1. Tell me whether segment 529-537 contains one or more residues that are part of a strand (DSSP E or B), free of Cβ contacts under 8 Å to residues at least 60 places away in the same chain and either more than 26 Å from GLU404 (Cβ to Cβ) or among the acidic types (Asp, Glu) (or both).
2. Please go through segment 342-361 and pick out each residue that is in contact (Cβ under 8 Å) with a residue 40 or more places away in the chain and within 18 Å of ARG188 (Cα to Cα).
3. List the number of the failed condition for SER557; all other conditions in (1) among the small types (Gly, Ala, Ser); (2) under 30 Å from GLN75 (Cα atoms); (3) surrounded by 15 or more Cβ atoms within 10 Å (Cβ to Cβ) hold.
4. Please give the number of the condition PHE26 fails out of (1) touching a Pro at 6+ places or on another chain (Cβ under 6 Å); (2) outside any helix (DSSP H, G or I); (3) at pLDDT below 95.
5. Which residues, taken from segment 531-564, are small (Gly, Ala, Ser) and farther than 30 Å from PHE111 by Cβ?
6. Determine the pairs where a residue that is free of Cβ contacts under 8 Å to residues at least 24 places away in the same chain and under 24 Å from LEU73 (Cα atoms), located within segment 420-439, has a partner that is not charged (D, E, K, R) and not in a loop (DSSP other than H, G, I, E, B) with Cβ atoms under 7 Å apart, the partner being 6 or more residues away or on another chain.
7. Given the criterion open to solvent by 10 Å² or more (accessible area, probe 1.4 Å), in contact (Cβ under 8 Å) with a residue 60 or more places away in the chain and not polar (S, T, N, Q), identify the matching residue among ARG98, ARG87.
Amino acid sequence: APFLLLCFRLPLVTPLIFSLLLQPPFTQLSIITQPNIVLLMADDLGIGDVGCYGNDTIRTPNIDHLAKEGVKLTQHIAAAPLCTPSRAAFLTGRYPLRSGMDAVNNYRVIFWNAGSGGLPPNETTFAKILQQQGYTTGLIGKWHQGVNCESRNDHCHHPLKHGFDYFYGMPFTLIGDCQPTETPEMDRAFRRKLWLYTQMIGLFTLTAVLGRLIGLIPVSWKILTCLAGFSLLFLVSWFSSYGFVRYWNCIMMRNHEVTEQPMVTDRTTSLILRESISFIERNKHKPFLLFLSFLHSHTPLLTTEKFLGRSRHGLYGDNVEEMDWMVGQVLDTIDKEGLKDTTLVYFASDHGGWLERQEDKRQLGGWNGIYRGGKGMGGWEGGIRVPGIFRWPGVLPAGKVIDEPTSLMDIYPTVVHLAGGEVPQDRIIDGRDLMPLLQGTVAHSEHEFLFHYCGIHLHAVRWHQKDSGAIWKAHYVTPIFSPPGAGACYDRGVCPCFGEGVTHHDPPLLFDLSQDPSEAKPLSADTEPLFDTVIRKIGRAIEEHRRTLTPVPEQLSVYNVVWKPWLQPCCGTFPFCWCDNELAD
C-alpha cells in the first residue's frame, strides 16, 4: 500500500520539484534572513575615477570585480555635494535639511570636533534600527557628524549614540593640517585674514608705544597697556583654535576613548584595515553591519609607500589604487570566512570629486568623467552622481547595469527591510527600498522627483518621466565658474551656494539627461515643445516638497560650528591633549 501511494503521488510531486529547481537563484530572498551588510564608502571619489565607470588609467580591479559580480547603478545620486550633509542623508534616509544638517551660511560642514553641531540625537539611523534587530553594528573610519553638545563627555552626536556598537576612526575628516608636511587647508583664507588683522593691530600697538617713548604721541601708559592686552587677547582668541588644528581635529578614537592625538598618519591606513578585518572575524557567527567609511581619497591623500608612484595620475591615482586594494582585502576576508553568499556588499562615494583641489601643478582632487561640475556644486551632475555597486551572490544578478535614478538615501530603507525592521513612521523618509529594482521585479525606480540642494538652497530638480524615459533636470541656481569657462570655482576653492557667486535662472536651465548627461545643451521653449509643461510639472513638485519641510534647529549655524574649548575631545587634561595609545604594526 505505501508503494501504491507513492506511485500515485509521484506525478504530482515531480512538477513541484522541477519548478523549485528551475527558479532563478536571485529570487530566493525569503530563505535568507538577516544578511550581513558591509557598506563601503569612499571620500571625495569621482565617478570617473573607477574602472567600471569608464576610467582606463587608474586601476581599480577589486571594485570592478565587485560590479561584475553584482549590480552597477549609473544614476546613483548623493543628497548633497559635501561630506557632512551627504553622510547625514545616507545615515537617516532623509534630505539633510530635514535634520538641520545643511548650511544656512558658508560653513557647510562640521568644522571642529569641538563644535556643538552634529547629527541630532532624535534622528534614527539605519544602524540604530539594525541594532534593535539584533545586529552587531560597527563604524570604521570617518564620521564627520559631530561629537558633543554641551560638555566634553556627553557624546550626543557620537556614533555610539547613533546605533553603532563599535567605532574606530576619525570623528572628524582628513584635512591637509593632519599632515605636518602639507600646506594648512582648513579655513585657509579666513586664517590669512586673522593673521593680517593680528599684524595690523600689533603694528599699531607697537607704533603707539614707540610714539609715547619718544614723545610724539601723548597717550597714557594705561591706554597703551589696554591696547597691548587687546592685541594679545585677539591673537589668543583665534590662535588657540587655528594654531592647533592638528591636535584638535586630527585625532583617532576607539569608541569614546581618544587613542591618538594627533593621529600618526603613517599607520592610519593599516589600522583602519586591521580594524575592519577584525570586526568581520569577531562577528562572523551572527548578523553584523560594517560601515567602512574610508579616509581615501580625501586630501592630504594618505598613501603608504607600497603604492606611491604606482599610478599614472600622481598621488591622487596612487591613493585611489590603494583604496581599491583595501576593498579587495575586505572582500577576501568575507570570502575566507565563508560569508560571501550571506553578505550584501555596497560601494559608493559620498559625493563627486573635488576639481579645485590643487597644489602648484598637482591635481589632488578627483575626476567626474563626462559629468559637469564637482564637489560643492549642488546641482551639476559631477558633484552628486557617484558610483553605486551592490553584490549579493544568489540573490542579486551578476553583471547587471541599472540606468534609473537612485539615491544614497535609498540605502536606509533597503538595509532596514533586509534586517526585518521597519522605517520610522513618525517622520518622512525620502529614500526608497532598492531590492525590487536590484532584483529586477520592477523596471523603474520609485523616485519620480529628486531635489538637489546646495546648503539650504534648492539649486536643481530632477524629474523621471517614466512613461517616456526622459529624465528632465531644471537648474534654478548655478555657480559662476572662475575663471570664466573653467568648469569649476578655482579662484574660490569651492563653489558657493548663494550670493554674488551664483546665477539665478528664470526660466530655469532645462536638460534631458537621457539625451544629454553632460548637461552641455540647455533646452528652451523654442527647441523643446514640452519645455513649458515640464517646468510647470517640476514647479508643482517643488511646492509639494516644500510643504513637507518643517523648521528644525540649524546644526551648522555659526554658533554650532565655532570651536568651543569645553567640548574638545582630549586624551589628557585640557589643554594638554596629546597621546599615542596605538602600537605601530
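The values are calculated or read from the model by the stated rules, or taken from the named source; none is laboratory data. Keep in mind that what you see is a predicted model, and the values were worked out from it rather than measured. In this analysis, Cβ positions are derived from the backbone assuming ideal geometry, glycine residues included, and neighbour counts consider all displayed protein chains. Surface accessibility is based on the protein's heavy atoms, side chains included, excluding ligands, DNA and RNA. Shrake-Rupley method; radii C 1.70, N 1.55, O 1.52, S 1.80 Å.
1. No, segment 529-537 contains no residue that is part of a strand (DSSP E or B), free of Cβ contacts under 8 Å to residues at least 60 places away in the same chain and either more than 26 Å from GLU404 (Cβ to Cβ) or among the acidic types (Asp, Glu) (or both).
2. TRP354, LEU355, GLU356, ARG357, GLN358, GLU359
3. Exception for SER557: condition (2).
4. Status for PHE26: all satisfied but (2).
5. Result: GLY539, ALA541.
6. ASP433/PRO413; ASP433/THR414; ASP433/HIS417
7. Checking each option against the conditions leaves just ARG98.
Let's see how each residue does on (1) closer than 25 Å to PHE481 by Cβ; (2) modelled with pLDDT of 95 or more; (3) under 27 Å from the mean Cα position of the chain (by Cα):
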| residue | (1), (2), (3) |
| --- | --- |
| PRO507 | yes, yes, no |
| PHE511 | yes, yes, yes |
| SER524 | yes, yes, no |
| LEU530 | no, yes, no |
| HIS545 | no, yes, yes |
